[in-house]
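Accompanying notes for the structure given below.
The values are calculated or read from the model by the stated rules, or taken from the named source; none is laboratory data. Quantities reported herein were computed from a predicted structural model and do not represent experimental measurements. Quick reminder, even Gly has a Cβ in these numbers, built from the backbone with ideal geometry, and neighbours come from all protein chains shown. Calculation scope for accessible area: heavy atoms of the full protein, side chains included, ligands and nucleic acids excluded. Shrake-Rupley method; radii C 1.70, N 1.55, O 1.52, S 1.80 Å.
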Amino acid sequence: MADRVAFADRKASFKQPPGHVTDRSQSQAARRNKALEEQKRRRAKRIESERHIDLLAGLSLEASDDEADEVDERPQPLGHFASLLKPSALTTDSTSNNQNAAATPMDDMEVLPTSFKSKTKRRRRPKAQEKAAKKPSPWADKCMYAELLEMTDLDSVQWTADGSVEIDRLPEDLQTGWVAVAPVPVGKRCLAVSHQGSGTIGVVPNTTLRSRVLGKPLMPRFPSPLPSDTIIDCILDQNWQQNGILHVLDVLKWKGQDVADCETSFRLWWRDTRLSELPPPRPPTGGASNTEYRFPYPTAFIPVRYHTNTTLPRLLTHVIPLARSSYNVNISIPTNPSADLRPAEAESEMEIEESQPSLPESSVKEINAEIKSDGLLLYVAQAIYEPGTSPLSSWIPVATVQDETAMMEGHTSPLDTFQRLVQKRLAREQATGGQSDTSMQT
């Protein structure tokens with residue numbers, strides 16, 4: 001039985017992010033406040049350095065009265081006396097001194113041949129050592145990865161000293177200081193980076209998908225409607241070859257404009273505004289396989305919905321139900337996929353060439369693609385985007401373990417626990433509000 005419990009615990013921690021066990025001595029709320037204060041301090045320091053306030057602090061536009069009365073006692077320059085000296089004497093003395101000083105150490109040194117070369121051959125390092133010596137990718141661990149939200153279940157709830165408020169470990173400012181992102185689709189977290197290039201946008205391959213941990217490319221560079229010098233935080237849909245969808249979670253840079261230092265609400269608004277300006281996606285040619293069309297690369301950049309209203313009633317009636325359910329998205333595919341078949345070798349290699357134009361509008365049709373939800377994300381509204389695992393973002397998955405393990409060991413879904421805690425907090429607030437109204441009337 002003990003082995004089964006240990007196996008269940010290990011399986012339950014499989015989807016936990018790497019930084020979940022960073023510091024158990026501090027609560028998540030304390031680490032969150034510390035990270036937010038550190039962000040504010042860095043932002044203020046950066047603004048001061050850009051304004052150069054420290055350089056202008058001791059400057060004055062005009063001299064004071066004391067400085068005007070003082071006599072300039074600094075030594076006068078002696079450059080105008082140089083013309084009175086004889087140049088021959090100075091040149092002769094300096095030249096002789098330099099030659100004597102340079103010749104002294106060279107007399108005792110043995111002159112080596114210039115064509116001397118070592119006959120020993122340089123040993124080549126093994127391939128394993130060469131790979132280990134390679135520097136890590138600059139795109140490694142650049143995504144802002146959320147921590148699992150720490151919650152206390154109703155069965156083991158604690159009470160404060162006065163016994164009036166229960167400690168459920170949910171954020172105290174959940175209704176005012178947070179932004180919810182739901183439903184978060186199932187897929188692979190990555191960064192989409194568009195590069196500078198010459199040619200027509202959407203035709204020339206200009207975009208690379210980088211993995212979250214190692215920063216390695218997930219597929220060859222492909223054309224996209226993103227402008228040059230753009231970096232967005234994305235989730236590659238688990239069925240992207242069938243629907244060609246890349247879910248946009250956040251934006252770091254857009255067309256050279258750095259947006260990562262902005263607050264969460266502005267970044268998400270900027271994301272939706274800029275993505276709405278992109279042309280509608282069209283499936284590229286050459287993606288047919290037998291009778292089923294397969295996208296050679298993602299073509300649809302769809303933003304994940306966000307909610308600035310995180311009041312308790314809104315969470316219960318709108319946000320949490322969205323995080324549980326799947327939804328449908330309209331996508332375009334060719335009307336006759338078998339009309340343009342590619343060889344199996346070319347499809348397996350996923351060669352993306354510049355000569356692959358999009359299909360015309362008359363030869364495509366729209367179908368519904370089902371997108372499954374993986375959970376709910378919570379962002380601190382005042383936080384800026386920072387790389388790595390951060391307590392300023394909290395993750396509430398639909399399920400942590402597989403269904404059979406959860407049923408066997410009695411585990412509950414984190415989203416179910418979150419819903420129960422929100423319901424209990426709302427009921428307590430309503431009860432407290434009713435008591436205060438009754439006391440005011442009496």
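A few comments on the model shown:
- Only a single criterion out of (1) modelled with pLDDT under 95; (2) β-branched (Val, Ile, Thr); (3) under 27 Å from VAL259 (Cα atoms) is not satisfied by VAL380, namely (1).
- The residue pairs whose first member lies in segment 310-327 and is farther than 8 Å from PRO183 by Cβ, whose second member is in a loop (DSSP other than H, G, I, E, B), and whose beta carbons are closer than 7 Å, counting only pairs six or more residues apart or on different chains, are THR310/LEU174; THR310/GLN175; THR311/GLN175; LEU312/GLN175.
- Residues in segment 185-241 that are among the hydroxyl-bearing types (Ser, Thr, Tyr) and outside any strand (DSSP E or B): SER198, THR200, SER224, SER228.
- Any hit, segment 347-356, residues being at pLDDT 60 or above, exposed (fewer than 13 other Cβ atoms within 10 Å of the Cβ), among the acidic types (Asp, Glu) and within 16 Å of PHE295 (Cβ to Cβ): no
- Within the option set ARG282, ARG342, ARG324, being open to solvent by 60 Å² or more (accessible area, probe 1.4 Å) and modelled with pLDDT under 85 holds for one residue only, ARG282.
- Residue count for segment 242-265, restricted to those that are part of a loop (DSSP other than H, G, I, E, B) and basic (Lys, Arg): 1
- Looking across segment 200-214, the residues that are open to solvent by 60 Å² or more (accessible area, probe 1.4 Å) and closer than 25 Å to PRO279 by Cβ come down to THR200, ILE201.
- Matching residues in segment 182-207 - criterion: being within 15 Å of the chain's Cα centre (by Cα) and among the β-branched types (Val, Ile, Thr): VAL193
- If you go through segment 215-254 and keep only what is touching a His at 6+ places or on another chain (Cβ under 9 Å) and either closer than 15 Å to ASP272 by Cα or among the small types (Gly, Ala, Ser) (or both), you end up with SER228, CYS234.
- Hey, GLN435 of a type in the set (S, T, N, Q), at pLDDT 55 or above, assigned to a helix (DSSP H, G or I) and surrounded by 16 or more Cβ atoms within 10 Å (Cβ to Cβ) or not: no
- Looking across segment 244-276, the residues that are over 24 Å from TYR327 (Cα atoms) and more than 15 Å from the chain's Cα centre (by Cα) come down to LYS255, GLY256, GLN257, PHE266.
- Of the residues screened, TRP254 is not one that is over 25 Å from ILE384 (Cα atoms) and either without any contact (Cβ under 8 Å) to a residue 12 or more places away in the chain or open to solvent by less than 60 Å² (accessible area, probe 1.4 Å) (or both).
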